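Undergrad: One structure follows; several queries about it will come next.
Rule-based calculations on the coordinates, nothing more; no lab input. If you're wondering where the values come from, they're calculated on a predicted model, not measured in any experiment. As a convention, Cβ positions derive from the backbone with ideal geometry for all residues, glycine included, and neighbour counts pool all protein chains shown.
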Amino acid sequence: MPANKQASTDGYKPDPRFKIAHKEALIGVGLAIFNFIWWFGFAYGLGSRPPEEYTYIFGLPDWFFYSCVIGFILMCALVIFITKFVLKEVPLDADPIDFNETIEEESQKS
Amino acid sequence: MNIQVIIPLVIFLVAIFAIGFIASKQMNSSGGFLQEYFLGGRELGGFVLAMTMVATYGSASSFLGGPGTAYTVGFGWILLAMTQVVTGYFVLLILGKKFAILGRKYNAVTMIDFLKARYNSPTVAILSAIAIIIFLFSAMTAQWVGGGRLIESLTGLEYTTALFIFAISVLVYVTIGGFRAVALTDAVQGAIMVVGTLILLIGVIIAGGGVPAIMQDLLNENPRLVTPFGADGTLSAAYVSSFWILVGVGVVGLPQMAVRAMSYKSSRAMHRALVIGTIVTGFIMLNMHLIGIFARPIMPGITVGDKVIPLIALEVLPPWLAGIVLAAPMAAIMSTVDSLLLLVSSAIVKDVYLNFIKPEATERRVKQISVGVTGILGIIVFLLAIQPPDLLIFLNLFAFGGLEAAFIWPVVLGLYWKYGNKYGALLSMITGIVSYIAIHFYNSSYGNLFGVHTVTLPVLLSLIAYIIGSLAIQRKAFRF
């Protein structure tokens, strides 16, 4: 049974876990925007010079090294940081009553 | 063809076969047969989840077509390919925990189950099922052709025989093992891709005399190869950037990816998969495409892009090692095909048969139908792939971008925007597919509209359609 139908018309409260989920989705959007700016900025900022002016890092053209190699490593580091310190573990079951009550108590305190 | 190359490939096929078989023995039906067969009982751990996403997503084009284009176009194409790093974290973060929670609440086994419950509309469900069956069926056939051709070129077997070997190996484990077998074999195939690309990259760099020497050769041949603008200077920033939609963020709308975002066991598994998925996607894409461009000075004059990787592997590695490395593109094709096969089967069994034809079917009957449909689908695909009809080749062109344009907003806004409703979803799906096909024809005769990839405008248009449709008709907040 879909659990959301149990709530009556007046007493409807969205699942408190969704607040966490919404925040994490926004983090995803933020990461992608940052990733794009980094990728685009170095690729076309440095790469638009004539090839004679390129410098080479580990043999790779500088624009490529910063945009794609460092960019990739940086994104990995960011994702590791975010999963370790920002993302929250929540139960995924349809109706975890205990967990939702604890979240609500916490949010009332603050 | 060298027997030393073939032996590792045969071992690979046997191993995949064995893993699929073992996985099928592990099936437990405590949570119901459908959940188990089409979703692995929602029990995937972090590593398997990450690998099955990467492997499903990485297909023949990542391992043969893409590096082949990098060979011709130069560093600009690697820049383009690296837009795919975003898929490693974006799909799981965007669909995220909400999709996994709602999937459990609605008891959804497929992406269409979710759409049907969210929009409370059989029309949305049937339209989605038709789109998925048509487009992914064609995409699957195209991949089978690729798999057959690859075996053909590596072993020297006749195409039909090669295709038969390929078909049998995939079909048996998918049919009997379902999603669990697909995910586990994907994990092994993903690992082979990582190891294979690394070995080949090292081999190519050594054969080319080190990266600086290779770079000097490229500069001597054509300095534009090391710029972001392609060998003839025509690769524009707008065009390359529009691949952020096609192979980056738009991947959220692909049903074969979305279904994986509700298959994991716990949020801990999802967190692990985020890290592993990002690292593995970026690593594979960077390596494969670097191999493509580095191969150019070593073996100049290859005209068929798809042959660059097989030829360079045989050139720079000892035969037995080349066999191991060439199992990687094979693994990539197989892991895409097995997922698509199961997905099309789930669309037919769960979304059409159980929703519209016989909702009261018994568990036993569902089991027979699921295994039967999966098997029969595989046989049809095999027969079609022997001599692919033009219509399939044609439909395959729209499979990726068309499905993205159709599903991205009904899924994403369906999750996060409470005013989204069935009118918006229907309008968005129709607008997405129709405009994708229309713009495809415009672009192929007049050049790219606004200089961007075909997918860009349909994704924007379907967003507008979704918002207008939702707000204009029956504006009412949805309660999740």
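Undergrad: Counting only other chains, what is the mean number of Cβ atoms within 10 angstrom of the Cβ of each residue in peptide A:34-41? Walk me through the intermediate numbers first.
TA: Details: counts 0, 9, 6, 0, 0, 9, 7, 0.
Mean shielding count: 4.
Undergrad: Could you bin all the Cα-Cα distances of the protein assembly as shown into 10 Å bins starting at 0 and give me the percent of pairs in each, rounded to whole numbers?
TA: 3, 17, 28, 28, 16, 6, 1, 0
Undergrad: Hey, if you put +1 on the Cβ of every Lys and Arg and -1 on every Asp and Glu Cβ in segment B:3-388, which of B:Ser267, B:Ile132, B:Ser345 ends up farthest toward the positive end of that dipole?
TA: With unit charges placed on the Cβ atoms, the residue in question is B:Ser267.
Undergrad: Kirkwood hydrodynamic radius for segment B:61-178: how many Å is it when counted over pairs of different Cα atoms? Write down the numbers at each step before the final one.
TA: Numbers: mean 1/r = 0.0558 Å⁻¹.
That comes to 17.9 Å for segment B:61-178.
Undergrad: Please tell me the relative contact order of chain B in percent, rounded to the nearest whole number, where contacts are Cα pairs under 8 Å and at least six residues apart.
TA: It comes to 31 percent, rounded to a whole number.
Undergrad: I want to verify the translational diffusion coefficient of segment A:17-88 in µm²/s; compute it with Stokes-Einstein, Rh as the Kirkwood radius over Cα pairs, at 4 °C and 1.567 mPa s. The partial results should precede the final answer.
TA: On the way: Rh = 13.7 Å.
Result for D is 94 µm²/s.
Undergrad: As a test of the definition: which semi-axes, in Å, follow for segment B:4-110 when you take the square root of five times each eigenvalue of its alpha carbon gyration tensor? Largest first, please.
TA: In descending order, the three semi-axes are 32, 24, 9 Å.
Undergrad: Now for a separate question. Hey, got the dipole for segment A:17-88? About the Cα centre, +1 on K and R Cβ, -1 on D and E Cβ, debye to the nearest 20? Show your work: numbers first, answer last.
TA: Values: 6 positive and 4 negative charges, 142 e Å.
It works out to roughly 680 debye.
Undergrad: Where does helix B:267-298 land angle-wise versus the long Cα axis of chain B, in degrees 0 to 90, nearest 10?
TA: Result, in degrees: 30.
Undergrad: Please work out the FRET efficiency for the pair B:Asn107 and B:Leu449, using the Cβ-Cβ distance as r and a Förster radius of 51 Å; give the result to the nearest 0.05.
TA: Efficiency, from the Cβ-Cβ distance: 0.75.
Undergrad: Across peptide B:225-233, what mean number of C-beta atoms from other chains lies inside 10 Å of a residue's C-beta?
TA: Whole-number average of other-chain Cβ neighbours for B:225-233 is 4.
Undergrad: Moving on to the next point. Once you have a ≥ b ≥ c as the square roots of the Cα gyration tensor eigenvalues for chain B, tell me rounded if a/c is under 1.5, and otherwise prolate or oblate according to whether a/b is larger than b/c.
TA: On the way: a/c = 1.84, a/b = 1.30, b/c = 1.42.
Note, shape of chain B comes out oblate.
Undergrad: Mind ordering A:43-49, B:412-418 by average Cβ neighbours within 10 Å, highest first?
TA: Top of the packing list down: B:412-418, A:43-49.
Undergrad: Taking the Cα centre of segment B:190-302 as origin, work out the dipole magnitude from +1 charges on Lys and Arg Cβ and -1 charges on Asp and Glu Cβ, in debye rounded to 20.
TA: The dipole magnitude comes to about 600 debye.
Undergrad: Another question about this same structure. Quick one: what do you get for segment B:254-345 if you divide its Cα Rg by 2.2 N^0.38 Å?
TA: That works out to 1.39 for segment B:254-345.
Undergrad: Work out the charge dipole of segment A:17-88 with +1 on the Cβ of Lys and Arg and -1 on the Cβ of Asp and Glu about the Cα centre, then indicate which of A:Leu26, A:Leu74, A:Thr55 is farthest towards its positive end.
TA: A:Leu26
Undergrad: Quick one: putting +1 on the C-beta of Lys and Arg, -1 on the C-beta of Asp and Glu, what dipole do you get for chain B around its Cα centre, in Debye to the nearest 20? Don't skip to the answer; put the middle values down first.
TA: Working: 27 positive and 17 negative charges, 428 e Å.
Taking the Cα centre of chain B as origin, the dipole is about 2060 debye.
Undergrad: Sticking with the crude label model, points 7 Å out along Cα→Cβ, report the distance from B:Ser236 to A:Ile73 in nm, one decimal please.
TA: 3.4 nm
Undergrad: Got a sec? Charge dipole of the protein assembly as shown, +1 on Cβ for Lys and Arg, -1 for Asp and Glu; which of B:Ser62, B:Pro212, B:Leu321 is way out at the positive end?
TA: B:Ser62
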